[in-house]
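Reviewing the structure listed below.
Taken together, the values in this text are just the output of simple stated rules run on the coordinates, not laboratory data. Worth saying up front: this structure is predicted, and the values here are computed from it rather than measured. Cβ coordinates were reconstructed from backbone atoms using ideal geometry, including for glycine residues, and neighbour counts include every protein chain displayed.
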Amino acid sequence: MVGCDIWRGLYKSEFSKELCEYNAKLEEIENVRFEEGNAVNLPFEDESFDAATSNYVYHNIAGQNKQKFLLETFRVLKKGGVFVIHDLMSKSRYGDMNKFMEKLKKDGYEDVQLIDTTKGLFMSHKESLLLGLSGSALLIGRK
């Protein structure tokens, strides 16, 4: 497993590569490494990974096209690799995700689904509003 983050700016005081390494050591996880990188331009070769995940990350990166982030994430997946991206995928943040999913399917991606996580899967619609998590969804599929 590879954890990747920029580890600077607003979150640097709370999160760091060293803290991630320390936590992995505490949990006795040995098959992990952490690398500095940016979601806009990941520091990995094409088709490097069997799976890619992200949990509530991309919506925090202001001023960028979120669908481009997703394509950059998928670039590093091997053919047959799976992705599970959980984020606030409202139309105002991500654009038309239905069109994006259709594009992925036309490009050969399989089992592509967008699952609304505010209808009882992780939280209720009311909870999502109270927590500021409107648009919370999982984008899943296979390259």
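Tabulated values for the structure
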{"read-out": "Helix-only [θ]222 nm of the chain, DSSP H runs n ≥ 4, -39500 (n - 2.57) each, per residue, nearest 500", "value": "-8000 deg cm²/dmol"}
{"read-out": "Two-decimal Rg to Rh for the stretch 53-129 - Kirkwood Rh, Cα set", "value": "0.96"}
{"read-out": "Point-charge dipole on Cβ atoms (K/R +1, D/E -1) for the stretch 20-143, about Cα centre, debye to 20", "value": "680 debye"}
{"read-out": "Extreme residue, positive dipole direction of the stretch 62-143, given options SER128, TYR94, GLY80 (C-beta unit charges)", "value": "GLY80"}
{"read-out": "Per-selection Kirkwood Rh - the stretch 1-127 (Cα, Å, 1 d.p.)", "value": "16.3 Å"}
{"read-out": "Gained length - TYR22 relative to ASP111, 0.36 nm times residue gap less alpha-carbon distance", "value": "28.4 nm"}
{"read-out": "Rounded D (µm²/s) - the stretch 14-76, Kirkwood Rh over Cα pairs, Stokes-Einstein at 25 °C, 0.890 mPa s", "value": "183 µm²/s"}
{"read-out": "For LEU10, LEU133, LEU88, order by how many other beta-carbon atoms lie within 10 Å, fewest first", "value": "LEU10, LEU133, LEU88"}
{"read-out": "Cut-off under 5 Å, modelled amide H: who pairs with PHE49 long-range", "value": "LEU77, LYS78"}
{"read-out": "Solution diffusion estimate, µm²/s, Stokes-Einstein, the stretch 100-143, Kirkwood Rh from C-alpha pairs, 4 °C, viscosity 1.567 mPa s", "value": "114 µm²/s"}
